[in-house]
Amino acid sequence: MVDSIGVESQDRLSPGVSRVRVFLFIGLICLSVVWIGSARAESSPAAIAQGTVDQFHAALNAAIEIDKHRDRESALLPVVQGLFDVPRIAAISLGRTWRKLDGGQKDEFVQLLTQLIAATYAGRFSSASDLEFDVEEVAAVKQGHVVRTQLRRDEGKDVSLDYLLHDGRIFNVIADGVSDLSLRRADYNSIIKNEGYVQLTVYVRAKLTQARDLP
Amino acid sequence: MGGLLLSACSTLEGPAYGVYDPYESSNRTLYDVTDTVDQAVMIPVAKGYDVVVPNALQQGVLNVFQNLRGVGSGINGFLQGKPKAGLTDLTRVVINSTFGVGGLFDLASRAGLQNQDEDFGQTLAVWGVKRSRYIYFPFLGPSTIRDLPSALFRGAVPGLILGRSYHWSVTVVDVVSSRANLLTATGVRDASAIDPYAFTRDAFYQRRQFQIYDGSPPLDAFFDDFEDLDGFDEPYEEQESAALDE
């Protein structure tokens, strides 16, 4: 019954309408492929890497509108906790010393470093001048992703900002070729070598206080 | 002479483009002396210059000295086998020296001809001198043996270009203007660094690498500096246990 109705109804259609149906069907398949492809692309590691950097840029643009340093830092703290791989940053910065610390010391240092990173960005992105971040390239490399961006400012030259991500989280930011993580590692290891880990934590706390003293 | 320097530098030990600081003790002493003079004299003078001289004029002064160094940058572009870069710099000099009133206005940049910022240190790096000892040259700042000739030449350029019309005050303006231009960078150092010597040295090395690659170092090189990256994949509490087992 159903078959006969179907056959009858198809038979009653003109050849032109039938062709339209075929084209519509093919079009729907193509759209589905494109939709599935874009959905996959959105969740690809490269898209996740770019999404992380985009979220960070949006947070910086929002934070720059906040007047007080302490409030900017408070706004950026959860962003740094969520988007940055601070345990990895701490481990690379401390090198061999990291492995010698107990769990409590590691937690304490990660917490301190998270606060310092948030306070540092709160200090550097404090003026109300317009900022624009352009993502130029997202590239997969052997151990993660590099998101290459340009920071365009109303005043001053553009700054090249390259983000290094591992498992979708930022662990290094390179500004005009100068790596934040490499500098931190050189700086911290020099202090550990000459004065020890405990003294390093004293200095890092002092830097945090210094950063928070900014207007 | 160039060949001798090339062979002398290229036989040095140390990581390619990495920090190689065998003279750290004496370098630190020279850094401390220079920093004392910088804090006492140069920074106050540079800050005063920054307050008194309008931003547009500061930029104009920087443009004039950049223009004077444009010929050297162009020649080094050609020496590095980059004729387009060399030609860009030389064209910039012609445009900015004439229509830009002796280089005061950087009209070439507005026309899309960007400064290529080449020097002989970068040329030596392109020719194969990738490893070079770090030296902190008093009052000149961070350098390497490879980069020292170009750093010294940089200071002599105004005298060589201007000839008889050169006056020592030109060098004073050049030095003060350059220092004022670095106030933001040294401010970042002072805000971030616990050991300013180590911070300055590593920042210099990385910046030079960036310049050698014309702002586009190979992407994998970004990760080469962190070989142990996968070792930190585990949660750090677990890693501690692993370390204790070793």
Margin query: Please list, by residue number, every one of the GluC sites (Glu not before Pro) in the range A:106-187 that is coil in DSSP and has at most 15 other beta-carbon atoms within 10 Å.
Written below: A:Glu155
Notebook entry, point to check: Among A:Tyr163, A:Ala175, A:Val141, which residue has its Cα positioned farthest towards the positive end of the charge dipole of the range A:123-180, with +1 placed on the Cβ of Lys and Arg, -1 on the Cβ of Asp and Glu, and the dipole taken about the Cα centre?
Noted result: A:Val141
Item checked: Nearest-20 debye value, the range B:111-179 charge dipole, Cβ charges on Lys, Arg, Asp, Glu -> 240 debye
Check: What shape does the range A:105-215 take by its C-alpha gyration tensor, where a ≥ b ≥ c are the square roots of the eigenvalues and a/c under 1.5 counts as rounded, a/b above b/c as prolate, and the rest as oblate?
Finding: oblate
Item checked: Accessible heavy-atom area order of A:Ser126, B:Ser150, highest first, probe of 1.4 Å -> A:Ser126, B:Ser150
Next item on the list: Using R₀ = 30 Å, calculate the FRET efficiency as 1/(1 + (r/R₀)^6) where r is the Cβ-Cβ separation of A:Asp134 and B:Leu182; round to 0.05.
Entry: 0.70
Margin query: Around B:Pro138, under 12 Å between beta carbons, what's the net of Lys plus Arg minus Asp minus Glu among the other residues?
Written below: -3
Next item on the list: Could you give the size of the charge dipole of the range A:94-215 about its Cα centre, using +1 on the Cβ of each K and R and -1 on the Cβ of each D and E, expressed in debye and rounded to the nearest 20?
Entry: 700 debye
Margin query: Just to confirm a number: summing +1 for Lys and Arg and -1 for Asp and Glu over residues other than B:Asp119 whose beta-carbon lies under 15 angstrom from that of B:Asp119, what do you get?
Written below: +1
Check: Using a basic spin-label model with each label point 7 Å from the Cα along Cα→Cβ, how many nm lie between B:Phe139 and A:Val198?
Finding: 4.4 nm
Next item on the list: Under 14 Å from the Cβ of B:Asp35, count the other residues' Cβ atoms, weight Lys and Arg +1, Asp and Glu -1, and hand me the total.
Entry: 0
Next item on the list: Pick out, in residue order, every one of the trypsin sites (Lys or Arg not before Pro) in the range A:64-156 that is DSSP loop and has at most 10 other C-beta atoms within 10 Å; say none if there are none.
Entry: A:Lys142
Notebook entry, point to check: Going down the table (A:Lys106/B:Lys130; A:Lys142/A:Lys193; B:Lys84/B:Lys130; A:Lys157/B:Lys82), which pairs top 27 Å between alpha carbons?
Noted result: A:Lys106/B:Lys130; A:Lys142/A:Lys193
Check: What residues have an amide H closer than 5 Å to that of B:Phe137, excluding those fewer than 5 places away on the same chain, when H is modeled at 1.01 Å from N in the peptide plane?
Finding: B:Ser143
Item checked: Accessible surface ranking that places the most exposed of A:Asp102, A:Asp176 first, with a 1.4 angstrom probe -> A:Asp102, A:Asp176
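The values are calculated or read from the model by the stated rules, or taken from the named source; none is laboratory data. Computed from a predicted structure; not experimentally measured. A quick note on method: Cβ atoms are made from the backbone with ideal geometry, for glycine too, and the neighbour counts reach across all protein chains shown. SASA here: full protein model, heavy atoms, side chains in, ligands and nucleic acids out. Shrake-Rupley method; radii C 1.70, N 1.55, O 1.52, S 1.80 Å.
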